[in-house]
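Worksheet: the structure to be examined is printed underneath.
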Amino acid sequence: MTELLFVFYFLVLLATLLLKSPIIKGPWLFLLRAFFPNWKFFHAVGHVPHLYARSAVSSPSGELQWSDWLLIYPRRIRRLPDLVHNPDTNLGLAQQNLVDHFWADLYDLPEGADPRELVTFAMVSRLADQVLRALDPNFTHSQFELRMVRDARAGTEDTQVMMTSPVVAC
């Protein structure tokens, strides 16, 4: 029975790829893409999207004191028990998949369009705030940046800022 459901699932996926109808192009397929990884990183070796964030605290004089930029998705340390049960790394992979989808949405965005209208923008903004709040719950402002980074064996070879979010008061 399970095998039959599995085959049916992939037949439905194949049908959605082959058939061109208004239902398939509708918002439901867009919402279902969270279940599938973004495979665009296989097209070429080069820059990879990285998410950075920083927080600020208002000083008594009213100036913002910013923290350093923090990489949101650092690599998780692998351990032997993680072979059986690994929710931390699975969460990290889902977060990086979100960043990849955000990069793809920004890349496909028409010239002059506001990226704040993207669903992935709101999700990435919430992710950045959640990580910053875990590190310092008393910050008053936050900002995140999507950087395209090309790594080499000796470290980071090249970094280009794709988008910097506006400063948000919390």
Among PRO74, PRO37, the single one that is modelled with pLDDT under 85 and surrounded by fewer than 10 Cβ atoms within 10 Å (Cβ to Cβ) is PRO74
When every residue in region 137-165 that is in contact (Cβ under 8 Å) with a residue 24 or more places away in the chain and exposed (fewer than 11 other Cβ atoms within 10 Å of the Cβ) is compared, the one nearest to LEU106 (Cα to Cα) is GLN160
>> Taking the conditions exactly as written (farther than 28 Å from PHE139 by Cα, acidic (Asp, Glu) and touching a residue at least 12 places away in the same chain (Cβ under 8 Å)), does ASP105 satisfy them or not?
In response: yes
Selection over region 40-68 where residues are at pLDDT 60 or above, loosely packed, with under 14 Cβ neighbours inside 10 Å and closer than 26 Å to GLN95 by Cβ yields a count of 3
Notebook entry, point to check: On the given criteria, is ARG116 under 12 Å from LEU51 (Cβ atoms) and basic (Lys, Arg)?
Noted result: no
Within region 92-105, of all residues that are out of contact with any Ser or Thr (no Cβ under 8 Å at 6 or more places or on another chain) and closer than 19 Å to THR164 by Cβ, the one surrounded by the most Cβ atoms within 10 Å (Cβ to Cβ) is TRP103
By residue number, the members of region 122-136 that are surrounded by fewer than 16 Cβ atoms within 10 Å (Cβ to Cβ) and either hydroxyl-bearing (Ser, Thr, Tyr) or touching a strand residue (DSSP E or B) at 6+ places or on another chain (Cβ under 9 Å) (or both) are ARG133, LEU135, ASP136
In region 45-91, residues that are part of a loop (DSSP other than H, G, I, E, B) and under 30 Å from GLN160 (Cβ atoms) total 14
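The values are calculated or read from the model by the stated rules, or taken from the named source; none is laboratory data. This structure is a prediction, so every number in the text was calculated from the model and none was measured. We place every Cβ from the backbone using ideal geometry, glycine too, and count neighbours over all the protein chains shown.
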